[in-house]
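These notes concern the structure reproduced below.
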Amino acid sequence: MDRNLRVAPSKSLIDRPGHLIPKVLECDDKGCTGTNTDNRIKNALREAKACGLHCLVHAGENGSAASVSEAVYDMFAERIGHGYHILDNASIYSDMKSKNVHFEVCPLSSRLTGSVSCDWSQHPVHYFIRDGINFSISTDDPTVTGQWLIEEEKMLLTKVGLTAEQLKAANLRAAKACFLGGEDKEDLLRHICARRDSANICA
């Protein structure tokens, strides 16, 4: 659902979730990443959670760290799209780390949208690695950025300063944070680990 659009079409899907589950695993809320999200959106996500759907919310991209707290505590987010601005608030940063909330980091997009204006050496991804934040690498929207995941990873290696091992670890975290259940998730993890050069990231 999109916070910039009217709520009714989004909520209509959640009003009849029986035919969606298990084909649909998550409810994704995007749009403005400020605080004070419309209560109708929050209620729709509450219903989605009650119906067994997982919730993913875009927050802390151009908005404040507080928008990430709102997403987690009021909108039941298990994963956060972006979330770079948690670095602006030490308390929220520590809280998100302790809760092991997963962040989808989109490096090129973060620069193109202006949500991250520093040079690559100071990009939030470096602090996330340093502090053990649960994150993975994504592209946001390759049709807009013009860059797919392979190119995103090459950029991280050649311009941003990540190592191959750090990228492999991020891919494994992505699999662990996905919304597959049971044996399907175990199969995915085994598939990824079988292709890793370093066994320790699969521990």
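The values are calculated or read from the model by the stated rules, or taken from the named source; none is laboratory data. All of these numbers come straight from a predicted model, not from anything done at the bench. Cβ atoms come from the backbone with ideal geometry, glycine included; neighbour counts cover every protein chain shown.
All but one of (1) touching a Lys or Arg at 6+ places or on another chain (Cβ under 8 Å); (2) modelled with pLDDT of 90 or more; (3) part of a helix (DSSP H, G or I) hold for ARG40; which doesn't?
(2)
Answer yes or no as to whether ARG79 is in a strand (DSSP E or B), basic (Lys, Arg) and surrounded by 15 or more Cβ atoms within 10 Å (Cβ to Cβ).
Numbers: in a strand (DSSP E or B): yes; basic (Lys, Arg): yes; surrounded by 15 or more Cβ atoms within 10 Å (Cβ to Cβ): yes.
Criteria met by ARG79.
Within the stretch 93-112, work out how many residues are over 12 Å from THR139 (Cα atoms), surrounded by 20 or more Cβ atoms within 10 Å (Cβ to Cβ) and either touching a residue at least 60 places away in the same chain (Cβ under 8 Å) or polar (S, T, N, Q) (or both). Please lay out each step first, then the result.
Residues of the stretch 93-112 that are over 12 Å from THR139 (Cα atoms), as a first pass: 93-103.
Add one more test, that the residue is surrounded by 20 or more Cβ atoms within 10 Å (Cβ to Cβ), and what stays is 93, 96, 101-103.
With the extra rule that they be either touching a residue at least 60 places away in the same chain (Cβ under 8 Å) or polar (S, T, N, Q) (or both), the set shrinks to 102.
The qualifying residues number 1.
Which residue is surrounded by the most Cβ atoms within 10 Å (Cβ to Cβ), if the candidates are limited to the stretch 129-188 and must be among the aromatic types (Phe, Trp, Tyr) and in a loop (DSSP other than H, G, I, E, B)? Even if it seems obvious, please write down each step before you answer.
So in the stretch 129-188, the residues among the aromatic types (Phe, Trp, Tyr) come out as 135, 148, 179.
Still in the list and also in a loop (DSSP other than H, G, I, E, B): 148, 179.
Numbers: TRP148: 11, PHE179: 15.
It comes out as PHE179.
Give me the pairs: first residue in the stretch 34-63 and closer than 24 Å to VAL105 by Cα, second residue part of a helix (DSSP H, G or I) and of a type in the set (S, T, N, Q), beta-carbon distance under 6 Å, and six or more apart or on different chains, which are they?
Going by the 6 Å Cβ cut-off, the qualifying pairs are GLY34/SER67; THR35/SER67; ALA59/SER67; GLY60/SER67.
Out of the residues in the stretch 72-114 meeting the condition of being under 14 Å from the mean Cα position of the chain (by Cα) and of a type in the set (Asp, Glu), tell me which one is nearest to GLY161 (Cα to Cα).
GLU104
Report whether or not ALA48 is in contact with a Ser or Thr (Cβ under 9 Å, 6 or more places away or on another chain), at pLDDT below 90, surrounded by 17 or more Cβ atoms within 10 Å (Cβ to Cβ) and part of a helix (DSSP H, G or I). Even if it seems obvious, please write down each step before you answer.
Numbers: in contact with a Ser or Thr (Cβ under 9 Å, 6 or more places away or on another chain): no; at pLDDT below 90: yes; surrounded by 17 or more Cβ atoms within 10 Å (Cβ to Cβ): yes; part of a helix (DSSP H, G or I): yes.
No.
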